[in-house]
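Engineer: Have a look at this one before I ask anything.
The values are calculated or read from the model by the stated rules, or taken from the named source; none is laboratory data. All values reported here derive from a predicted model rather than from experimental measurement. Cβ placement follows ideal geometry from the backbone for every residue including glycine, while neighbour counts extend to all protein chains displayed. These accessible areas exclude ligands, DNA and RNA; they are computed on the full protein's heavy atoms, side chains included. Shrake-Rupley method; radii C 1.70, N 1.55, O 1.52, S 1.80 Å.
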Amino acid sequence: MHLLRKFPAATWLRAYDRGSLTSDLLAAAIVTLMLIPQSLAYALLAGLPPEVGLYASILPLVGYALFGSSRTLAVGPVAVVSLMTASAAGGIAAQGSPEYTSVALILAGLSGLFLVGLGLLRLGSLASLLSHPVISGFITASALVIAASQLGPVLGLRAGGDNLVEVVEKLASNVANVHLPTLAVGGLAIALLLWIRHRLGPLLKRRGVRPAVADLVVRAGPVVAVVASIAAVALFGLDAQGVATVGAVPGGLPPLTLPDFDPELWLQLLPAAVLISIVGFVESVSVAQSLAVKRRQRIDPNQELLGLGAANLAASFTGGYPVTGGFARSIVNYEAGAQTPAAGVFTAVLIAVATLLLTPLFRLLPSAVLAATIIVAVIGLVDLHTLVRTWRYDRADFVASAATVVLVLGHSIEAGLVAGVGISIALFLWRTTRPHVAIVGRVPGTEHYRNVRRHEVLTSPRVLAVRIDESLYFANSRYLEDCLTAAITDHPDISDVVLIASAVNAIDASALESLELLVRRLADADVTLHFAEVKGPVMDRLARVGFTEHLGRGRVFRSTHEAMVALDPAMAG
């Protein structure tokens, strides 16, 4: 059983049959058509040679298939991780240099080791450090930076930068040098891809094509643009007119590589590798869980860490760069009928065949078309609706999301992500240090107690019922003291206070001492502190240290109503 937990492939391989084989082969063929142009494009986005994208789409898929828990997640290069790789590697070496490629290998290796380490420690819950508004803001801002960075190749200009401001400034300064043939190719590619994405599907459905088939044809749209552009370059000699092409792409299987072991460089790249790992993991798990729910399957976040870790280690040792689960290709894999991770293995085989046989065809592929592929792909990642909704619902969360967007657009993706996570954690700590505390009263005709500020309720002139809606720990115990002290001051006739602990899941040692001190302070004011609705695990820990002995005349009641009736019989009516 321990083997099955760490090696999920042992589970699905035992039940593998001909039906699963047929479904997985079909899904692999469709995903391969989508993944080849994406891999080439994302490698260029990462500042790496195009073949590196193909290398990162072969053995990493096998690594995930062996250790990942999702049946349909498709692993490989993705836009955001590619941009993060370019940002991290660009600070160390120049694009195109051997050192740059070496840094990409190290990033993949570090990411793999970090993910595997988290998986072995069963720390999959760390994904919760990134709130949805922060992730949404980060991906939206990153998509805008990516799209802007790809306008350079579409316009035939050299333009780059770590943020949107730098990219726009460089584009604006070179706008007079726009290469019209390149713009024509890139513009037509964008128009074609947008038409395929938004118009082709409805057209096919009106012609009687099944919706599932029509959707798959739409997903494979980039292949049409690639084939058409290669044909156009060959027929009209566009490369001779100055249209930049990918050029010669080395054929052959991925080389066996070993990341350079330079402790100082590894330490320098570690923060970037951690950010790449966390972002990739959160994106991957989100996609995997959404697809698993549709088939009533289960995703194990800790196993996903191991699967993604294995994929990145495989990329590091086979000439690739950091990878993760991609949203679009995973949807295609799911809709194409993939039944097991074997679909990923078959995809890897097909891409390996393409790397061996088809790379000469990529020589005439315009760089503008690959840039257009990226632009159209990332447009769908821009999610302004979530930003607006967050503003309406929670201004504090909006601050974290907005800070992420502003810093990614104006400074760097690392700064934006770190700021978003930092603000989210700070907001969480601020909220828990000031928990909601409510004075409650009995709803007439019932035994239910509600906030006196929200409901018409009955209260006792001698007994004050106070509900604390948060676990108690060192950072908020003083706030509870202040709240109870203020309540006693405002109600001078009170002789008893009932602290309702129905929402308290834990009390740490500092909060325990604070409660004991509170009991003594209230006793000095002739007020007795009682507890009600204390959860079993919390009560067990309090009993171990003899807390009830510190209550003096105070008691612990099973329910709020029981406490109120015992302390003031008039509350029974």
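Engineer: For a quick check of your reading of the model, give me the residue pairs whose first member lies in the range 48-74 and is under 22 Å from Leu113 (Cβ atoms), whose second is among the acidic types (Asp, Glu) and open to solvent by 20 Å² or more (accessible area, probe 1.4 Å), with beta-carbon atoms closer than 6 Å and at least 6 apart or on different chains.
Structural biologist: Every condition considered, the pairs that remain are Ser69/Asp300.
Engineer: Which residue, of Ser290, Ser330, is under 19 Å from Ala74 (Cβ atoms) and open to solvent by less than 10 Å² (accessible area, probe 1.4 Å)?
Structural biologist: Details: Ser290 fails: open to solvent by less than 10 Å² (accessible area, probe 1.4 Å).
Answer to the selection: Ser330.
Engineer: Another question about this same structure. Search the range 314-341 for residues being under 20 Å from the mean Cα position of the chain (by Cα) and hydrophobic (A, V, I, L, M, F, W, C), and hand back the single one that is modelled with the highest pLDDT. Before you say what the answer is, go through the steps one by one.
Structural biologist: Of all residues in the range 314-341, those under 20 Å from the mean Cα position of the chain (by Cα) come to 321-334.
After this cut, where a residue has to be hydrophobic (A, V, I, L, M, F, W, C) as well, the list is 323, 327-328, 331-332.
Working: Val323: 96, Phe327: 81, Ala328: 79, Ile331: 83, Val332: 80.
Step by step, filter the range 314-341, then rank; the result is Val323.
Engineer: How many residues are loosely packed, with under 15 Cβ neighbours inside 10 Å and in a loop (DSSP other than H, G, I, E, B) if we restrict to the range 255-286?
Structural biologist: Number satisfying all stated conditions: 6.
Engineer: Right, another one. Would you check if Phe557 is at pLDDT 95 or above and either within 43 Å of the chain's Cα centre (by Cα) or among the aromatic types (Phe, Trp, Tyr) (or both)?
Structural biologist: Working: at pLDDT 95 or above: yes; either within 43 Å of the chain's Cα centre (by Cα) or among the aromatic types (Phe, Trp, Tyr) (or both): yes.
Judged against the criteria, Phe557 is a match.
Engineer: Go through the range 496-513 and give me each residue that's surrounded by 14 or more Cβ atoms within 10 Å (Cβ to Cβ) and free of Cβ contacts under 8 Å to residues at least 60 places away in the same chain.
Structural biologist: Matches in the range 496-513: Val497, Leu499, Ala501, Ser502, Ala503, Val504, Ile507, Asp508, Ser510, Ala511, Leu512.
Engineer: Of these, Ala191, Ala231, Ala212, which one is open to solvent by less than 50 Å² (accessible area, probe 1.4 Å) and either among the aliphatic types (A, V, I, L, M) or on the phi > 0 side of the Ramachandran plot (or both)? Break it down stepwise before answering.
Structural biologist: On the way: Ala191 fails: open to solvent by less than 50 Å² (accessible area, probe 1.4 Å); Ala212 fails: open to solvent by less than 50 Å² (accessible area, probe 1.4 Å).
Just a single option satisfies the conditions, and that option is Ala231.
Engineer: For the range 1-31: of the residues being open to solvent by 10 Å² or more (accessible area, probe 1.4 Å) and either assigned to a loop (DSSP other than H, G, I, E, B) or within 18 Å of Pro77 (Cα to Cα) (or both), which is modelled with the lowest pLDDT? Before you say what the answer is, go through the steps one by one.
Structural biologist: Step one: filter the range 1-31 for residues open to solvent by 10 Å² or more (accessible area, probe 1.4 Å), giving 1-8, 10-23, 25-26, 29-30.
If we keep only those that are either assigned to a loop (DSSP other than H, G, I, E, B) or within 18 Å of Pro77 (Cα to Cα) (or both) too, we end up with 1, 7-8, 15-17, 29-30.
On the way: Met1: 45, Phe7: 74, Pro8: 79, Ala15: 81, Tyr16: 84, Asp17: 85, Ala29: 88, Ile30: 83.
Checking each candidate, the answer is Met1.
Engineer: What number of residues within the range 86-104 satisfy the criterion of being of a type outside the set (S, T, N, Q) and open to solvent by 20 Å² or more (accessible area, probe 1.4 Å)? Step through it out loud before you land on a result.
Structural biologist: Of all residues in the range 86-104, those of a type outside the set (S, T, N, Q) come to 86, 88-94, 96, 98-100, 103-104.
Restricting the remaining residues to those that are open to solvent by 20 Å² or more (accessible area, probe 1.4 Å) gives 90-92, 94, 96, 98-99.
Looking only at that region, the number is 7.
Engineer: Please name all residue pairs, on different chains or six or more residues apart, with Cβ atoms under 8 Å, provided the first residue is in the range 457-484 and is under 17 Å from Val527 (Cα atoms) and without any contact (Cβ under 8 Å) to a residue 60 or more places away in the chain and the second residue is of a type in the set (Lys, Arg) and open to solvent by 30 Å² or more (accessible area, probe 1.4 Å).
Structural biologist: Every condition considered, the pairs that remain are Glu481/Arg521.
Engineer: Next up: When you go through Leu551, Leu567 one by one, which is the residue that is open to solvent by less than 70 Å² (accessible area, probe 1.4 Å), at pLDDT below 90 and more than 43 Å from the chain's Cα centre (by Cα)? Walk me through how you get there before you give the answer.
Structural biologist: Values: Leu567 fails: at pLDDT below 90.
Among Leu551, Leu567, only Leu551 is open to solvent by less than 70 Å² (accessible area, probe 1.4 Å), at pLDDT below 90 and more than 43 Å from the chain's Cα centre (by Cα).
Engineer: Only one of these is crowded, with 20+ Cβ neighbours inside 10 Å and within 15 Å of Asn333 (Cα to Cα): Leu61, Leu48, Leu40. Name it. Give the steps one after another, and end with the answer.
Structural biologist: Working: Leu48 fails: within 15 Å of Asn333 (Cα to Cα); Leu40 fails: within 15 Å of Asn333 (Cα to Cα).
Just a single option satisfies the conditions, and that option is Leu61.
Engineer: Name the one entry in Ser82, Ser102 that is in contact with an Asp or Glu (Cβ under 6 Å, 6 or more places away or on another chain), part of a helix (DSSP H, G or I) and closer than 26 Å to Leu356 by Cα.
Structural biologist: Ser102
Engineer: Here is a further query. Output the residues belonging to the range 234-248 that are farther than 15 Å from Val369 by Cα and either of a type outside the set (A, V, I, L, M, F, W, C) or surrounded by 19 or more Cβ atoms within 10 Å (Cβ to Cβ) (or both).
Structural biologist: So in the range 234-248, the residues farther than 15 Å from Val369 by Cα come out as 235-237, 240-241, 248.
Scanning the range 234-248 gives Gly237, Gln241.
Engineer: When you look at Phe67, is it closer than 14 Å to Leu306 by Cα and at pLDDT 85 or above, yes or no?
Structural biologist: Values: closer than 14 Å to Leu306 by Cα: yes; at pLDDT 85 or above: yes.
For Phe67, the condition - closer than 14 Å to Leu306 by Cα and at pLDDT 85 or above - is met.
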